[in-house]
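Notes follow the structure.
Values quoted throughout were computed directly from the atomic coordinates according to the rules given, and no laboratory measurement underlies them. Since the model is a prediction, treat every value here as computed from it, not as a measurement. Cβ placement follows ideal geometry from the backbone for every residue including glycine, while neighbour counts extend to all protein chains displayed.
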Amino acid sequence: ASVVDSDADAIERSNEAALRPTSLDEFVGQRTVRDQLSLVLRAAVSRGATADHVLLSGPPGLGKTTLAMIVAGEMGATLRVSSGPAIQHAGDLAAILSSLDEGDVLFLDEIHRLARPAEEMLYLAMEDFRVDVVVGKGAGATSIPLSLPPFTIVGATTRAGLLPAPLRDRFGFTAHLDFYSDDELHSIVGRSAGKLGFEISGDAAAEIASRSRGTPRIANRLLRRVRDWAQVHGSGTGDLAAAQQALIVYEVDERGLDRLDRAVLRALCTRFGGGPVGLSTLAVSVGEESETVETVAEPFLVREGLMSRSPRGRIATADGWAHLGLEPPAGALP
Ligand code: ADP
């Protein structure tokens, strides 16, 4: 299964690469973040210095990787990419850091998943541009301080709250990315269709936008599925019927809930009487990792008003029950 998964991942990544905006001007939405980041970068360029470290937080698919690439692009710097889970030992991080050239931008995805020793090494590197490389083992081990040329870390995390304060504090600029409006997604879909050479009508683009869970990655993915449908069953162009039919095939409902969102909501209502239930219990009942439910399904369900959080756990709202066409039992609603 892992081979298939990584193939699918690789295809997804190369599809995404083709649609990525390459400059801040091309980056749709997130106005405040864009303005602030633009200032940080322009000031650094005019000082002839490297930019401050940047921390980007927000749910998957909202543009964190894209912004990291843009930071490197706008600084005229080389981008290096790694991630928290890929760095198992402090030595892995030391190897990456000591290979950086002056001005490089190092993108660290899922930075909240760095192992503790690597995290501590990163503090020192970010603050003093220094790493202590340990040579040898046991009693004979010695630590050799190595100074590094100045560089910029762009860290990404699905939740800034998951980062320990000392790490968070070492980022000079932090920004939170929020879900996109339907209008913004509409313009992303239009732009992407242009890049794909796929003709799409305004109402079809709007239909895709409204079902994309506020997420550009999903908008681009649905657009490609609509293109598939149009090429196989339709006229080859993206009209409203093609959009609607494709979205039925891919089980995206009219509010943009996908299979996982519906599974979570359904489990909450049918297995736990609408809650309150703890997130990890809910995740187990749908066979998903807590982190996936917490960072992918939950923020969307809460934002849509289908689910709410309480100190005692997650609760289905009246709207949540209604969306599934279910009648809440007496006393289920807060
Ligand atoms: P993240 O790193 O937050 O998971 P990515 O940066 O990989 O998200 O973005 C996912 C996809 O969505 C990319 O293909 C990118 O082209 C597109 N995308 C993200 N944000 C925007 C945006 N603001 N404007 C246009 N396209 C975007």
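Here are a few things to note about the model shown:
- Computed E for A49/L260 - FRET, C-beta separation, R0 45 angstrom, nearest 0.05: 0.55
- Estimated inter-spin distance, T270 and A115, nm [label 7 Å along Cα→Cβ]: 4.2 nm
- With Cα atoms, 0 to 90° folded angle of helix 240-249 axis to the chain main axis: 80 degrees
- If the segment from K195 to D183 were pulled out straight at 0.36 nm per residue, it would be longer than the present Cα-Cα gap by 2.5 nm.
- Helix 31-47 and the long axis of the chain differ in direction by around 20°, with both axes built from C-alpha atoms.
- Tilt relative to the chain, helix 182-196 - C-alpha long axis, 0 to 90 degrees, to 10: 80 degrees
- When both the range 57-119 and the range 283-317 are represented by their alpha-carbon centers, they are found 29 Å apart.
- Zone of L333's modelled label, taken as backbone nitrogen in the range 259-289 under 20 Å from a point 7 Å along Cα→Cβ: 265-277
- When both bridge partners sit in the chain, DSSP labels roughly 40% of those beta bridges antiparallel.
- Relative contact order %, the range 160-231, counting alpha carbon pairs below 8 Å whose residues are six or more apart: 32 percent
- Estimated distance in nm for a label pair at E102 and Q36, the labels positioned 7 Å out from Cα along Cα-to-Cβ: 3.0 nm
- Potential extension, R309-E16 segment - 0.36 nm per residue separation minus Cα distance: 102.2 nm
- If you plug the beta carbon distance of D203 and V135 into 1/(1 + (r/R0)^6) with R0 = 56 Å, you get a FRET efficiency near 0.30.
- Relative contact order of the chain, pairs being alpha-carbon contacts under 8 Å that are 6 or more residues apart, as %: 15 percent
- When only Cα pairs below 8 angstrom with a gap of at least 6 residues are kept, the range 106-214 shows a relative contact order of 25 percent.
- Among V189, V40, V284, residue whose mean-square fluctuation peaks in a GNM of the chain (springs only between Cα atoms under 10 Å): V284
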